[in-house]
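Here's the structure, in structure tokens; my notes come after.
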Amino acid sequence: MMFGKIFVNPLFWSDKKVESAYERQFRYLKAVWNDDSYGLERLLRIFLCGIQFVYPVLFIRDIFGRKGVTARKLAVEAYVVLKLFFPLIVLWTGAYRFPWVIALIVYLLTETTFHILNLIFLSDIHSVSVSYHRSVLLLFLHYIETAMDFAAIYIAFDLLNVPLNWVSAVYFSMVANTTVGFGDIHARGTAGQAVVIVQLLICVLFVILFINYFSQKINTSEE
């Protein structure tokens, strides 16, 4: 009982059933289809709504959402933490030598990237988060996760100018993620440069979201 209270205040626990995650996603897709967007923005919004059906987070939301809103949120948080530790375990154990492991990391990385794009381009159709701090915390975990994912990619494909161990791979990826650029380790060849460019572009998305969340917090405080 005491252990459970660490994660959930019983006063805020809700057994109320929530809308099916798949039904909600179809509703979002219909809303985008019927809105007044046009051109590239419309194509991107439709794509972002549709691509969610190929990732497991929708299934997790659907299964645990049957237990209520709190259960769904806790399940999503557990999934985010799992995605964070998975590349770390891969780096530490050397499992990046297996192609299917790297393929899974790339798959999870694309899921996170599309999630960030959803938060930017579909913010008008998603319900507003009731916890600013929770949103920022999850965003930060996603940020660290992407750095760990890229670290596994760098070491798996030998994309940098020096031989890597898991610590040096994480070091370079974090340096790239923060755009510091010490220069002691750098990309080797066209493939390495392309991966670094992709990582930097994803970092830009995170910066946009961090600024957006921060500005929303300021606006809310001033009202």
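The values are calculated or read from the model by the stated rules, or taken from the named source; none is laboratory data. Bear in mind that the values here come from a model prediction, so they are computed numbers and not experimental data. Every residue, glycine as well, gets a Cβ built from its backbone with ideal geometry; the counts of neighbours run over all protein chains shown.
Within the set of pairs 6+ apart or on separate chains, which have a first residue in the stretch 190-208 that is without any contact (Cβ under 8 Å) to a residue 40 or more places away in the chain, a second that is among the aliphatic types (A, V, I, L, M), and C-beta atoms under 7 Å apart?
A191/L159; G192/L159; G192/L160; Q193/A187; V196/A176; V196/A187; L200/A176
Any idea which of A156, A194, A187, A147 is touching a Phe, Trp or Tyr at 6+ places or on another chain (Cβ under 8 Å), small (G, A, S), more than 22 Å from I46 (Cα to Cα) and at pLDDT 90 or above? Before the answer, list the steps.
Working: A194 fails: touching a Phe, Trp or Tyr at 6+ places or on another chain (Cβ under 8 Å); A187 fails: touching a Phe, Trp or Tyr at 6+ places or on another chain (Cβ under 8 Å); A147 fails: touching a Phe, Trp or Tyr at 6+ places or on another chain (Cβ under 8 Å).
The conditions single out A156.
Considering each of L138, L200 in turn, give the residue that is more than 25 Å from V81 (Cβ to Cβ) and either not hydroxyl-bearing (S, T, Y) or not in a helix (DSSP H, G or I) (or both). Show your work before the answer.
Numbers: L138 fails: more than 25 Å from V81 (Cβ to Cβ).
The unique qualifying residue is L200.
So which of Y38, Y28, Y55 is more than 20 Å from the chain's Cα centre (by Cα) and among the aromatic types (F, W, Y)? Working first, answer last.
Details: Y28 fails: more than 20 Å from the chain's Cα centre (by Cα); Y55 fails: more than 20 Å from the chain's Cα centre (by Cα).
Testing whether each residue is more than 20 Å from the chain's Cα centre (by Cα) and among the aromatic types (F, W, Y) leaves just Y38.
Might you let me know whether the stretch 117-139 holds any residue that is among the aromatic types (F, W, Y) and under 11 Å from the mean Cα position of the chain (by Cα)?
Within the stretch 117-139, the subset among the aromatic types (F, W, Y) is 121, 132.
Filter once more, keeping what is under 11 Å from the mean Cα position of the chain (by Cα): none.
No, the conditions are met nowhere in the stretch 117-139.
Kindly evaluate L117 against the criterion of being buried (at least 17 other Cβ atoms within 10 Å of the Cβ) and more than 26 Å from V32 (Cα to Cα). Walk me through how you get there before you give the answer.
Numbers: buried (at least 17 other Cβ atoms within 10 Å of the Cβ): yes; more than 26 Å from V32 (Cα to Cα): no.
No; evaluated as a whole, the condition is false for this residue.
With the structure loaded, tell me whether I116 is touching a helix residue (DSSP H, G or I) at 6+ places or on another chain (Cβ under 6 Å), modelled with pLDDT under 90 and not small (G, A, S) or whether it fails that test. Explain how you work it out, then say what you get.
Numbers: touching a helix residue (DSSP H, G or I) at 6+ places or on another chain (Cβ under 6 Å): yes; modelled with pLDDT under 90: no; not small (G, A, S): yes.
Judged against the criteria, I116 is not a match.
So, in the stretch 86-114, of the ones that are among the aromatic types (F, W, Y) and crowded, with 17+ Cβ neighbours inside 10 Å, which residue ends up farthest from L48 (Cα to Cα)?
From the stretch 86-114, those among the aromatic types (F, W, Y) are 86, 92, 96, 98, 100, 107, 114; that's our starting set.
Keeping just the survivors that are crowded, with 17+ Cβ neighbours inside 10 Å gives 86, 96.
Values: F86: 25, Y96: 29 Å.
Selected residue: Y96.
Please tell me if V81 is under 16 Å from Q25 (Cα atoms) and either in contact with a strand residue (DSSP E or B) (Cβ under 9 Å, 6 or more places away or on another chain) or among the aliphatic types (A, V, I, L, M) (or both).
On the way: under 16 Å from Q25 (Cα atoms): no; either in contact with a strand residue (DSSP E or B) (Cβ under 9 Å, 6 or more places away or on another chain) or among the aliphatic types (A, V, I, L, M) (or both): yes.
Here the answer is no, as V81 does not meet what is asked.
Answer yes or no: is there a residue in the stretch 58-75 that is within 29 Å of Y171 (Cβ to Cβ) and either small (G, A, S) or under 14 Å from the mean Cα position of the chain (by Cα) (or both).
So in the stretch 58-75, the residues within 29 Å of Y171 (Cβ to Cβ) come out as none.
Taking every residue of the stretch 58-75 in turn, none turns out to be within 29 Å of Y171 (Cβ to Cβ) and either small (G, A, S) or under 14 Å from the mean Cα position of the chain (by Cα) (or both).
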